[in-house]
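Data block below; observations after.
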Amino acid sequence: MTTERLSVTTLAIGSDGWRRAHKRRRITASVLKHVGLIALSIVMIYPLIWLVVSSFKPNGEIFTDLSIFTSTHTLDNYVKGWTSQGLGFQVFLGNSSILVLGAIIGNLISCSMAAYAFARLRFRLRSLFFAVMLCTIMLPIHVVLVPQFIIFKNLGWLGTFLPLIVPKFLATDAFFIFLMVQFIRALPQELFEAAIIDGAGQVRTFLQVTIPLMVPALATTAIFTFIWTWSDFFGPLIYLRETPKFPVSVALKGFVDAQSTSDYGGMFAMSVVSLLPLFIVFALGQRYLLRGIATTGIK
């Protein structure tokens, strides 16, 4: 009995030692992982921090002192940058807001309707049309740029917001259609069968059953559309020709002139201003964004 008790005690002590050693290794690994992630985060966010700090520096010190720690601070860049192009920067912010609002409304309406058709309706060549739609995701924008430009020119839309807004109402963003299709297909079939039993048609089923359940996918679409449209430089540069109609993405280019002195301080200051809406929208809609992606089968 004594020998058995000693053996049990020895095993217990050895087991406790193994647990403590395992716990120490787990804590050490966790600490090292978090330290590595923090260091990587600092490296990734350093350019943004430098941009914000440089927006408060005089023009002459921006590229001579690359440190984020500086004793010289000024608000002149924000004051001058706001009116340096002959217009208040609020004009460009308003133009970007118009483009973003039109793009969001267009994508939410057209993409949700197209997604419901692909997910719930039965019609000939549905699979073929869906495959063609998916193929457009892999199609570079440069392939269709010239034909689109010719079409919009013949319509007399050049120099207006129409080429940047109207296509959104025609379900041209295949990524959002695919995202919503995946979401709708994941909804319980019993809900749609119950709506049919109650006498609801396709329009009523779409508006009263599908749309309320698609809030995460719709929020994801709205957030991505906001970010992509607000940051878009290529489209407005091609179709807009007058400074008063430029969005912030194109207006920032006006601070840099290859033939004269460039106002980097004003550009950095207005870049910070133009980034604020993106951070606010992402911060407010982050949980909807995560829910929308997690529930659509996109990993």
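The values are calculated or read from the model by the stated rules, or taken from the named source; none is laboratory data. If you're wondering where the values come from, they're calculated on a predicted model, not measured in any experiment. Cβ coordinates were reconstructed from backbone atoms using ideal geometry, including for glycine residues, and neighbour counts include every protein chain displayed.
Miscellaneous remarks
- Output for segment 31-83, where each listed residue is farther than 30 Å from GLY94 by Cβ and either in contact (Cβ under 8 Å) with a residue 40 or more places away in the chain or assigned by TED's automatic domain parsing to the domain that holds VAL248 (or both): PHE63
- Among helices (runs of 4 or more DSSP H) entirely within segment 128-194, having at least 3 residues that are at pLDDT below 90 and loosely packed, with under 14 Cβ neighbours inside 10 Å singles out 141-155.
- Count - residues of segment 166-180 that are within 18 Å of the chain's Cα centre (by Cα) and under 19 Å from ILE98 (Cβ atoms): 3
- Look at segment 272-293: where a residue is at pLDDT 85 or above and a partner is surrounded by fewer than 18 Cβ atoms within 10 Å (Cβ to Cβ) and in a helix (DSSP H, G or I), sitting 6+ places away or on another chain with Cβ atoms under 7 Å, you get VAL272/LEU51; VAL272/VAL52; LEU278/ILE227.
- The residues on offer are LEU101, LEU108, LEU93, and the sole one that is under 26 Å from VAL209 (Cβ atoms) and either touching a residue at least 24 places away in the same chain (Cβ under 8 Å) or assigned by TED's automatic domain parsing to the domain that holds PHE246 (or both) is LEU108.
- Restricting SER84, SER112 to those that are more than 25 Å from PHE255 (Cβ to Cβ), of a type in the set (Ser, Thr, Tyr) and either over 23 Å from the mean Cα position of the chain (by Cα) or crowded, with 16+ Cβ neighbours inside 10 Å (or both) reduces the list to SER112.
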